[in-house]
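First the structure, in the form of structure tokens, and then the observations on it.
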Amino acid sequence: MTENDQRVALNIAILVVSDTRTEKTDKSGRLLEEKVSSAGHNLAEKKIVEDDIYKIRAAVAAWIAEDDVDVVISTGGTGVTGRDGTPEAVACLLEKNIEGFGEIFRAISYDEIGSSSLQSRALSGVANGTYIFVLPGSANACATAWDKIIAAQLDSRTKPCNLVQLIPRLKEN
């Protein structure tokens, strides 16, 4: 990339994890679709799967196996109830964790919702050259994560550094 970088459009897949949401009632996934499109990125695919660790893992694993998916963003299933299993489904797929994402997300969320932010198990990492972001299911949480962290890191023009500039090196040995 040069000093006069143009925005790089990434291919982003969105996974909505919910036992109750449908395409018609899904606010968080729709919000993320709008954010992805408004930022000049491409929606690679969107799926809604029930909160089942193996169905979640299968969907994410399929996308990270694809060469044309740069980023996977999931929403839902990050709480602490018995049905919340997205972090467990995804964590075993990660080659590298990006701990700072969850830490920053919870710090920002603390300013918005107080100590309730400790219930979020949001996380991020890299698997097979694909960035993965695991977000809570609320539309407000998705907006916070996108607007205050993800959007800038998926913008190739963000200085001094961004995640986009590292994509060519993610599969290095």
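Could you count how many residues in the range 17-44 are in contact with a helix residue (DSSP H, G or I) (Cβ under 7 Å, 6 or more places away or on another chain) and not in a helix (DSSP H, G or I)?
3
Yes or no, residue by residue, for (1) of a type in the set (Gly, Ala, Ser); (2) under 21 Å from Leu43 (Cβ atoms); (3) surrounded by 22 or more Cβ atoms within 10 Å (Cβ to Cβ):
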site: Val60; (1), (2), (3): no, yes, yes
site: Asp68; (1), (2), (3): no, yes, no
site: Gly100; (1), (2), (3): yes, no, no
site: Glu112; (1), (2), (3): no, no, no
site: Leu135; (1), (2), (3): no, yes, yes
site: Leu166; (1), (2), (3): no, no, no
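Kindly evaluate Gly77 against the criterion of being buried (at least 22 other Cβ atoms within 10 Å of the Cβ), in contact with a strand residue (DSSP E or B) (Cβ under 9 Å, 6 or more places away or on another chain) and modelled with pLDDT under 95. Explain how you work it out, then say what you get.
On the way: buried (at least 22 other Cβ atoms within 10 Å of the Cβ): yes; in contact with a strand residue (DSSP E or B) (Cβ under 9 Å, 6 or more places away or on another chain): yes; modelled with pLDDT under 95: yes.
Spelling it out, Gly77 is indeed buried (at least 22 other Cβ atoms within 10 Å of the Cβ), in contact with a strand residue (DSSP E or B) (Cβ under 9 Å, 6 or more places away or on another chain) and modelled with pLDDT under 95.
Output the residues belonging to the range 97-113 that are modelled with pLDDT of 95 or more, under 23 Å from Lys27 (Cα atoms) and of a type in the set (A, V, I, L, M).
The answer is Ile108, and nothing else.
Out of curiosity, is Ile150 hydrophobic (A, V, I, L, M, F, W, C) and either closer than 27 Å to Arg83 by Cβ or surrounded by 22 or more Cβ atoms within 10 Å (Cβ to Cβ) (or both)? Before you say what the answer is, go through the steps one by one.
Values: hydrophobic (A, V, I, L, M, F, W, C): yes; either closer than 27 Å to Arg83 by Cβ or surrounded by 22 or more Cβ atoms within 10 Å (Cβ to Cβ) (or both): yes.
In short, yes.
Within the set of pairs 6 or more residues apart or between chains, which connect a residue that is within 11 Å of Leu32 (Cα to Cα) and aromatic (Phe, Trp, Tyr) inside the range 128-149 to a residue that is surrounded by fewer than 23 Cβ atoms within 10 Å (Cβ to Cβ) and modelled with pLDDT of 95 or more with Cβ atoms less than 9 Å apart?
Listed pairs, sorted by first residue: Trp146/Leu31; Trp146/Lys35; Trp146/Ala39.
For the range 20-40, which positions are surrounded by 17 or more Cβ atoms within 10 Å (Cβ to Cβ) and within 15 Å of Pro136 (Cα to Cα)?
Result: Arg21, Asp26, Ser28, Gly29, Arg30, Leu31, Leu32.
Consider Pro168 against the criteria (1) assigned to a loop (DSSP other than H, G, I, E, B); (2) more than 14 Å from the chain's Cα centre (by Cα); (3) not hydroxyl-bearing (Ser, Thr, Tyr): it satisfies all of them except one. Which criterion is unmet?
(1)
For the range 138-158: of the residues being part of a loop (DSSP other than H, G, I, E, B) and either over 14 Å from Ala122 (Cβ atoms) or of a type in the set (A, V, I, L, M) (or both), which is nearest to the chain's Cα centre (by Cα)? So that I can check it myself, show each step before the final result.
Residues of the range 138-158 part of a loop (DSSP other than H, G, I, E, B): 138, 154-158.
Restricting the remaining residues to those that are either over 14 Å from Ala122 (Cβ atoms) or of a type in the set (A, V, I, L, M) (or both) gives 154-158.
Working: Leu154: 11, Asp155: 14, Ser156: 17, Arg157: 19, Thr158: 18 Å.
Only one residue fits best here, namely Leu154.
Given the conditions (1) in contact (Cβ under 8 Å) with a residue 60 or more places away in the chain; (2) over 22 Å from Lys148 (Cβ atoms), and given that Asp70 satisfies all but one, which numbered condition is not satisfied?
It is condition (2) that Asp70 fails.
For the list (1) crowded, with 23+ Cβ neighbours inside 10 Å; (2) touching an Asp or Glu at 6+ places or on another chain (Cβ under 6 Å); (3) within 24 Å of Ala152 (Cβ to Cβ), I need the number of the one condition that Val90 fails.
With respect to (1) crowded, with 23+ Cβ neighbours inside 10 Å; (2) touching an Asp or Glu at 6+ places or on another chain (Cβ under 6 Å); (3) within 24 Å of Ala152 (Cβ to Cβ), Val90 is out only on (2).
Which of the following residues is within 17 Å of the chain's Cα centre (by Cα) and over 22 Å from Lys27 (Cα atoms): Leu123, Leu135, Leu118, Leu94?
Values: Leu123 fails: over 22 Å from Lys27 (Cα atoms); Leu135 fails: over 22 Å from Lys27 (Cα atoms); Leu118 fails: within 17 Å of the chain's Cα centre (by Cα).
Every option except Leu94 fails the conditions.
The values are calculated or read from the model by the stated rules, or taken from the named source; none is laboratory data. Remember, it's a predicted structure, so these values are computed and weren't measured experimentally. Please note: Cβ atoms are built from the backbone with ideal geometry, for glycine as well, and neighbour counts cover all protein chains shown.
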